[in-house]
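We did not get these values from a lab; they are worked out from the coordinates using the rules stated. Remember, it's a predicted structure, so these values are computed and weren't measured experimentally. Every residue, glycine among them, receives a Cβ derived from its backbone with ideal geometry; neighbour counts consider all protein chains shown.
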Amino acid sequence: MTTRNHREAKFQTLFSHWLKANWQSSAAFELKVARDKRFYLSQIKEHQIAALRIASSNLLYWKIADTDYLMAKPFDNFTLYRVPAYVVVLFTKTFYLIPIKNILALIKEKKKSLTEDETNAIAYEAVKIKN
């Protein structure tokens with residue numbers, strides 16, 4: 001496992017614990033780790049942007065694959081209808097929940113990347129990581 005993949009896996013675990021303790025509604029999240037003190041919008045894949053946009057403005061239907069051999073599948077499919085949708089970006093000691101509408105606006109402006117301060121300015125919430 002590469003260092004970046006290891007950091008992403010650790011962030012996924014940290015974020016899932018934070019969600020379980022602090023979030024009490026349906027939402028869609030795509031997690032990203034900033035690189036070189038910047039978050040590059042190119043890190044978000046087109047299909048991820050599309051799914052977040054659909055979940056936030058319409059109905060997203062998803063069938064859960066039958067391929068998880070480690071755990072029984074909880075159910076066959078689910079829908080998300082007009083839920084909050086975020087790109088969650090981890091910088092060194094803080095992660096930021098950025099609404100997909102803000103990401104779409106940046107893409108329309110042809111913005112390529114964000115500093116941590118710029119990310120904080122457009123975030124719905126900033127969460128400091130406790131060591």
Quick calc: nm separation of the 7 Å Cα→Cβ label points for A27 and T94 -> 1.6 nm
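Sort segment 45-131 into rounded, prolate or oblate with this rule: let a ≥ b ≥ c be the square roots of the eigenvalues of the Cα gyration tensor; rounded if a/c is under 1.5, and if a/c is not under 1.5, prolate when a/b is larger than b/c, oblate otherwise. Don't skip to the answer; put the middle values down first.
Values: a/c = 2.43, a/b = 1.49, b/c = 1.63.
Taking the square roots of the gyration eigenvalues as a ≥ b ≥ c, segment 45-131 is oblate.
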Net charge near A123 (other residues with Cβ under 12 Å of its Cβ; Lys, Arg +1; Asp, Glu -1) is -4
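Which FRET efficiency, nearest 0.05, do Y40 and S16 yield, Cβ-Cβ r, R0 25 Å? Let's see the in-between values first.
Working: r = 24 Å, r/R0 = 0.96.
Step by step, r from the Cβ atoms, then E = 0.55.
Work out how much length K112 to N58 would gain on full extension: take 0.36 nm times their residue separation and subtract the Cα-Cα distance, in nm to one decimal. Can you show the working numbers first?
Values: separation 54, 0.36 × 54 = 19.44 nm, distance 2.70 nm.
Fully extending the segment from K112 to N58 adds 16.7 nm.
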Which residues qualify? For T94, with a placed amide H closer than 5 Å and at least 5 residues away or on another chain, they are I129
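So if we plug the beta-carbon distance of L104 and N77 into 1/(1 + (r/R0)^6) with R0 = 22 Å, what FRET efficiency do we get, rounded to 0.05? Intermediate results must be reported in sequence, preceding the final value.
Working: r = 26 Å, r/R0 = 1.19.
So, using R0 = 22 Å, E works out to roughly 0.25.
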Cross-link reach from K128 to lysines, straight Cα distance under 24 Å and at least 8 residues apart if same chain, gives K10, K20, K32, K37, K93, K101
Largest fluctuation, A72, A51, A121 only, Gaussian network model of the chain with Cα springs under 10 angstrom, belongs to A72
Non-local residues with an amide H under 5 Å from the amide H of S113, with H modelled 1.01 Å from N and Pro and chain starts lacking one, are L41
Measuring from its Cα centre, the chain shows a charge dipole (+1 at each Lys and Arg Cβ, -1 at each Asp and Glu Cβ) which, in debye to the nearest 20, is 320 debye
Phi angles of segment 73-80, converted by Karplus (6.51 cos²θ - 1.76 cosθ + 1.60, θ = phi - 60°) into ³J(HN,Hα) in whole Hz with x for Gly and Pro, give 5, x, 5, 7, 7, 8, 10, 10
Taking a straight Cα-to-Cα line shorter than 15 Å from K108, and setting aside same-chain aspartates and glutamates fewer than 8 residues away, one finds E46
per DSSP, antiparallel bridges as share of beta bridges in segment 21-122, % nearest 5, sits at 70 percent
Karplus-derived 3J(HN,Hα) from phi for segment 53-62 (6.51 cos²θ - 1.76 cosθ + 1.60, θ = phi - 60°), whole Hz, x at Gly and Pro, runs 5, 5, 4, 7, 10, 8, 10, 9, 9, 9
